[in-house]
1. Considering segment 5-27 alone, what residues qualify as being closer than 19 Å to residue 62 by Cβ and basic (Lys, Arg)?
2. Taking segment 3-43 as the search range and keeping residues that are in contact with a helix residue (DSSP H, G or I) (Cβ under 9 Å, 6 or more places away or on another chain) and hydroxyl-bearing (Ser, Thr, Tyr), which one is surrounded by the fewest Cβ atoms within 10 Å (Cβ to Cβ)?
3. Take the residues of segment 44-57 that are touching a Leu at 6+ places or on another chain (Cβ under 9 Å) and within 15 Å of residue 4 (Cβ to Cβ): which is surrounded by the most Cβ atoms within 10 Å (Cβ to Cβ)?
Amino acid sequence: MSKSKLLDLMNKLGSDAALEAEYLKDPEAVLDRAGVSDDERKAMLASDYAAVGKLTGLEEGQYATNHTIKTYNA
């Protein structure tokens, strides 16, 4: 089973400082390029942690935010 595009993006945001900086400036463009679903986009833009957890299968404590939702140790 392959990971979701959102989980792939979150892993990249957690390890690529340049991508995170770009996301902070223009999250829509980064989400477009990542090809996430409408529900994933809405969850990320709203910082809806419960929805992000449901969409990715991650539990609380497996992802973090410092203005950007990203995974720990992908």
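1. If the condition is that a residue be closer than 19 Å to residue 62 by Cβ and basic (Lys, Arg), then 5, 12 are the ones that fit.
2. Out of the qualifying residues, it is 37.
3. Selected residue: 44.
Taken together, the values in this text are just the output of simple stated rules run on the coordinates, not laboratory data. The shown structure was predicted, so the numbers you read here are calculated from the model rather than taken from an experiment. For neighbour counting, all protein chains shown are included, and Cβ atoms are generated from backbone atoms with ideal geometry for every residue, glycine included.
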